[in-house]
Structure formats: C-alpha cells, structure tokens
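Participant: Dropping a structure here in structure tokens format, bear with me for questions.
The values are calculated or read from the model by the stated rules, or taken from the named source; none is laboratory data. Note that the structure is predicted; figures quoted are calculated from it, not measured. Note that we place each Cβ from the backbone using ideal geometry, even for glycine, and neighbour counts take in every protein chain shown.
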Amino acid sequence: MNPEALSALGDLFGDRLLTSLETRICYSFDATRKRFLPDAVVYPVNAEEVRQAVLLANLHRFPVVPRGAGTGFSGGSLPVRGGIVLSTERMDRIVSIDSGNLYAVVEPGVVTEALKLEARKRGLFYPPDPASLKFSTVGGNIAECAGGMSAVKYGVTRDYVLGLEAVLGTGELLRTGVATAKGVVGYDLTRMLVGSEGTLGIVTRATLRLLPHPEAAVTLLAFFPTNRDASGAVNAIVAARVTPSAMEIMDRTAIDCVQAVAPVPLPGGTGSALLLEVDGTNDSVRWEADRLEEACRAHGALEVRRASDAGGRDDLWKLRRSISPALLRVAPVKLNEDIVVPRSRLADMFAFLSDLSDRKSVRIVNFGHAGDGNIHVNIMISGADTDETRRAEEAVAEVFRKTVEMGGTISGEHGVGISKAPFLEMEVGPLGVAVMKRLKECFDPNGILNPGKIFLDEAAVRG
C-alpha cells in the first residue's frame, strides 16, 4: 500500500488503524493455518466507517478483506493479495430483539453463542449452531452460510437471514430484505449476499429470524457394527417421518480418536455410532425418541443409550464433542473437507473413504451430520513429509470427484475460499463460473472486496 492510502486510513480510523508486524501476523491466518500478511488492520465501529474504507480502497486500489473471528476452514478471510483486513469484531451490538415478531437485529461482530443466549432469555431460539459458535461471529456465519448439527431440522444460516445492510464493493450502502415473514419484491439480494464470502459486500447489520424455544429434548446414542447399519437407521428414521434436531454419525476412525484421549464405554463390535436428538414438547419428544430407538434397533444397533435430563444428555454428547479436540493428538496437520452426498449414498461414501485411506496410505477420520449427508473428511498428516502431503492432496481431489459423481457437493458448510477454488468448475461447470464472475463485477467492479477467493484465476485489484 502506498503512504497516501495509509495516511487517509489513519485520518479515518485514528488509533484503530494498526500496522505493527505483531498485529498483522495475528490477522494473517485462520483455521486452515495458511498465512498471508496484510498491510494493515482496521477496526470500524459503524457502517459509515466501513463505507468510507471501501471508498478509499477504490480510490487507491487496495484490497479490503472483511474478517469476523477467523474460524473458517476454507481461507475465506485470508488477505491473499495484501491490503487491509477489515475486522468487524468491534461492531458487536445486539441492536434489538422483537419477541412479538420473532426477529433480532444485530451487528456483524456479535458472537453466535451470545445471540443464542440472549434470545434464550426471552424464550426464543436462534437455531444455527456451527461448531465454532462460542467464537465465530454472525457476520462470518452469514459470509460462509454456516451450518451445524441442528441443520437437519432447522436449516442453515441463510434460512434465518430476513434482511441485510451491507457495503458493496463500490462503497454504496445497500439494504435488502424485510423484517416480515414474507417478502418477494424483486430479486433476492439477501440470498445473493449470504454465502458470498465477503466478495460482494461487507455485512454491517442483519435482521435474523427467531423461533420459540423448544420445551424439552431427548438425546440417544446408538452403536452399530458397521457404517452401513448406521446409515440404514438414518434412512429408516427419515422414512418414519421423524425429524431429529441432531443426527450425527461417527465411523470407527473417529471413535478410535476419542477413545485414545477420553474413553467412552463401547459395546463389543462397535464400528459406527449415531448421536440423535429430538426437541419439542414433553409429549412429542418422548414419542419421537421411541421411534428413533425402534429404527436403530431394527437396523442392528448393538446398544441404544437415552437421556432427557441435561446432565445425562451432556454425557451422551461427549463422544461427538470430543472428536475435534482428539484430532489434535492424531497428527499436527489436517485437511478438513466438508462434503455432502445424498443420504442414501452415505454408506457408499464411507466405504470409498476407507478404501481411499488404504490406497493412499494416509489416515482419514470421518464424522458428520448424517441427516444432511454432510461428512467431515479429515485427512491427517505430519506436514513434514512431502510425499505424504502429495498423497493427501491427491486424496482430496479424489474425494471431491467421487462426491460430485454421487450427486453431492464439495462443500456443505465451509465455503470455497482458496481451499476449494481449484475445484469450483468441477461442480458448477464453466458457465456457472462465468455467471458468478459477472455478478462479482456488478457488485464489485474494481475487484476491491476479498480478491483471490472463490475464483482461482482472479487477478489482483483492477486498476
């Protein structure tokens, strides 16, 4: 960046413009552990400051990379072309919660769990629950269209965004959507911005749909001999017209990881497990839990454990919640992919992954959201062995090809960012990529916003 641009940013942000190496390093990486050093970091506190920063970027032609908490797994918030990281962490107000009309208005830096807890105080429920909810922000969730364990019943972030205020790549402030349950006037610009990874606009305020909080919940943990048995139970549950609020699957690779650090008693012959939860009224959850248990036992469950009190349910969740921390003990580097296949192909994909692990001689740990067909494929490597790294990267490409072949998608939650950019055309085709690029130019004609993401061949900021 040129001195004139930095001086103008200093006039705008004062001591909220930081250029020290220490600060820039802190904002140079995300959960991918890849590093790209920005030229500076700024901390706006309102939409007008975001707008002015983008106007300066257009004037001086430097990139603006919006960032929430940096918990993403696709590199979406990395400053791959330098420029400034625009952190929304100080725009963290829950502006209002309307209990009568069931919506909240929030700024992008609000931590997801904070919104959930504040809604809960009013007997309300904000369903999206990414695994990073204790740290990730609403703005980041919107940028990546975050999912989570409850998506099987409640959907993902986009299903709760009623309207947005966002600064476009031109520096214009756009307001989209409504605060009502219905609204179909014109193109759905709200949906256009959700999941756009900060490449079309920077969210400065969001109107989010809320629900009444469920009265009760019951959790079940079922153990099966094989992934095919567990997958059969998943399909039987869907056929029984019961929609759990969580339906998590763990294959033996994931179970073994947990057993090494936080052992859970297992029945003999366990090869797979399902963590199931239903919520609703006291009467409905008992009935639905009975249906879930019947489906599991009919498909060969070795054992089904069940709990309705908070402590007992937490104990059953231990196996699922312990997987990610346990992975840190397996290997220092993980290639974390989040494919989705049709539910009917879950067992086939698990079989493919087992074979792939053997063929490539790399350890692959699998778990995920069975109700959505969303599998988290974790290829664990040392990071120090170049041949092992090559085999792991080849395995990733094979996983994506197989996923698309099965009628699935290469990302259900993490987005494209830089990690999946080489494979974008594999899924959406050349015309799909071309149309997306046309939209990018409409929202951001100078390529200011988050350049180098989604499109592998995207040039630097356009002069």
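Participant: Given the conditions (1) at negative phi; (2) not in a helix (DSSP H, G or I), which single one is not true for R33?
Facilitator: (1)
Participant: Ok, one more. Scan region 97-136 for residues that are modelled with pLDDT of 95 or more, among the polar types (S, T, N, Q) and more than 23 Å from V178 (Cβ to Cβ) and jot them down.
Facilitator: Selection gives S136 alone.
Participant: For region 13-33, how many residues are of a type in the set (G, A, S) and surrounded by 12 or more Cβ atoms within 10 Å (Cβ to Cβ)?
Facilitator: Number satisfying all stated conditions: 2.
Participant: Part of a loop (DSSP other than H, G, I, E, B), in contact (Cβ under 8 Å) with a residue 24 or more places away in the chain and touching a Pro at 6+ places or on another chain (Cβ under 7 Å): is that true of G171 in this structure?
Facilitator: Judged against the criteria, G171 is not a match.
Participant: Please state which one of A392, A384 is out of contact with any helix residue (DSSP H, G or I) (no Cβ under 6 Å at 6 or more places or on another chain), aliphatic (A, V, I, L, M), buried (at least 20 other Cβ atoms within 10 Å of the Cβ) and over 29 Å from A222 (Cα atoms).
Facilitator: The match here is A392.
Participant: Next question. Counting only residues that are hydrophobic (A, V, I, L, M, F, W, C) and touching a residue at least 60 places away in the same chain (Cβ under 8 Å), which one in region 156-168 is nearest to N374 (Cα to Cα)?
Facilitator: V156
Participant: Of all residues in region 352-367, which are surrounded by 14 or more Cβ atoms within 10 Å (Cβ to Cβ) and either at pLDDT below 95 or not in a strand (DSSP E or B) (or both)?
Facilitator: Once the filter is applied, which keeps residues that are surrounded by 14 or more Cβ atoms within 10 Å (Cβ to Cβ) and either at pLDDT below 95 or not in a strand (DSSP E or B) (or both), region 352-367 yields F352, L353, S354, L356, S357, K360, V362.
Participant: Take region 408-461 and flag every residue that is among the charged types (D, E, K, R), in contact (Cβ under 8 Å) with a residue 24 or more places away in the chain and within 22 Å of A57 (Cα to Cα).
Facilitator: Listed by number, the residues that qualify are K440, D444, K453.
Participant: Within region 234-269, take every residue that is of a type outside the set (A, V, I, L, M) and either in the same structural domain as D372 (by TED's automatic domain parsing) or surrounded by 18 or more Cβ atoms within 10 Å (Cβ to Cβ) (or both) and give me the one that is farthest from S322 (Cα to Cα).
Facilitator: Restricting to residues being of a type outside the set (A, V, I, L, M) and either in the same structural domain as D372 (by TED's automatic domain parsing) or surrounded by 18 or more Cβ atoms within 10 Å (Cβ to Cβ) (or both), the top hit is P244.
Participant: Ok, one more. Anything in region 133-154 that is farther than 19 Å from P44 by Cα, touching a Gly at 6+ places or on another chain (Cβ under 8 Å) and either of a type in the set (G, A, S) or surrounded by fewer than 24 Cβ atoms within 10 Å (Cβ to Cβ) (or both)? List them, or say none.
Facilitator: Once the filter is applied, which keeps residues that are farther than 19 Å from P44 by Cα, touching a Gly at 6+ places or on another chain (Cβ under 8 Å) and either of a type in the set (G, A, S) or surrounded by fewer than 24 Cβ atoms within 10 Å (Cβ to Cβ) (or both), region 133-154 yields L133, C145, A146, G147, A151, K153.
Participant: Hey, another quick one. Report, by residue number, each residue of region 51-74 that is touching a strand residue (DSSP E or B) at 6+ places or on another chain (Cβ under 6 Å) and either outside the structural domain of V85 (by TED's automatic domain parsing) or under 22 Å from G417 (Cα atoms) (or both).
Facilitator: Within region 51-74, V54, A57, V64, V65, P66, R67, G68, A69, F73 qualify.
Residue-by-condition table, conditions (1) basic (K, R); (2) within 23 Å of E172 (Cα to Cα); (3) surrounded by fewer than 24 Cβ atoms within 10 Å (Cβ to Cβ):
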| position | (1), (2), (3) |
| --- | --- |
| L37 | no, no, yes |
| V41 | no, yes, yes |
| V50 | no, yes, no |
| L55 | no, yes, yes |
| V65 | no, yes, no |
| G68 | no, yes, no |
